[in-house]
Amino acid sequence: MLAIEAVVSLLEVFRRLHHHANVPQAFVIPAQDPWPQELHGDRLGMRISYLRSLKDKLSSAQVEQLDNAGMVWSNEEYRVGRIERGLTTYKAMYGDVRIPHVFVVPHDDGRWDRDLWGMRLGLAIYSLRHNGAYEAHRSRFEALGLTFDRWNEPQYPFALVRQALETFHAQHGHYEVPSRFVVGADDAAYAAEVRGMKLGQITQSIIHEELYAEHRGELEAMGVPLKP
C-alpha cells in the first residue's frame, strides 16, 4: 500500500489537472506526464475509495494531510457542495436563483469556481425540484433562496427580465408590453441572454402577481403597470 504522503502527492497532481480532487473510483493513472512513471496504470480511484472507508482509522495528522490536498470524503457532499456554490455565484451575479433549465456555467469566466465550468446547473436544479435529488439537503438549497414550487418556476432571473423591460421602455416609451410580444432572436437592441424571451407573457404574469412578486416595489418604481 502506498504511503499517505504518496497518495497526497498524487491527489495534488489530479487536482492540478482537473481543478478538483474528487477522484472517480474507476480512475486509473494514465501513462503520461505529469504522473510518476512508476505509477502508470495504478488504480488511484480504488485507493481513494479505500481510504474513505478507513477515515475513522487514520490519524488526525493523516486526515489533515489529505484534507490539505483536497480529499473528498463523500461524493454526495461534494456534489451538493458544487450545486450550493453554483447557486451562490449565480445569485451574486443576477440577484436571485431563478435559473433557466438550459443554463450551463460558462467556461473561461473567472467569476465561477474553475471546477464548475461546464456544469449544467439548470438541469441540476430541475432534478432537485422534480426528481427529489438530494432531498436530505433541501434546507441548504432553500437557505439560498431556491423554491421547490414545480408549477410556478420563472424561466429567467429577475435581473434579465428587468433588463428586457428597460430595453422595451427605451424603444417604446412605456411598459405596456403586448401579451404576444417576443424579443426578436436577432434584435441587437436586447442583450443576447434575453433574445427569444416571451416578454409579453412574462409581463402579464408580473401584472397579475404570478411571478416576481418579491420585486413588486422595484417594478412599481420603474413604472410597470401592476394590478392595484
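Look at GLU193 and say whether it is charged (D, E, K, R), loosely packed, with under 14 Cβ neighbours inside 10 Å and more than 30 Å from ARG15 (Cβ to Cβ). In short, no. If you go through region 192-213 and pick out every residue that is touching a Pro at 6+ places or on another chain (Cβ under 9 Å) and either without any contact (Cβ under 8 Å) to a residue 24 or more places away in the chain or of a type in the set (Lys, Arg) (or both), you end up with 3. The residue pairs whose first member lies in region 11-33 and is open to solvent by 50 Å² or more (accessible area, probe 1.4 Å), whose second member is hydroxyl-bearing (Ser, Thr, Tyr), and whose beta carbons are closer than 6 Å, counting only pairs six or more residues apart or on different chains, are GLN25/SER49. Comparison of ARG111, ARG82, ARG98, ARG47 shows that the only residue that is in a loop (DSSP other than H, G, I, E, B), of a type in the set (Lys, Arg) and crowded, with 16+ Cβ neighbours inside 10 Å is ARG98. Tallying residues that are in a helix (DSSP H, G or I), among the aliphatic types (A, V, I, L, M) and crowded, with 18+ Cβ neighbours inside 10 Å within region 114-133 yields 5.
The values are calculated or read from the model by the stated rules, or taken from the named source; none is laboratory data. These numbers were taken from a predicted model, which means no experiment stands behind them. As a convention, Cβ positions derive from the backbone with ideal geometry for all residues, glycine included, and neighbour counts pool all protein chains shown. For the accessible areas, the whole protein counts, side chains as well, though only heavy atoms, and no ligand, DNA or RNA atoms are used. Shrake-Rupley method; radii C 1.70, N 1.55, O 1.52, S 1.80 Å.
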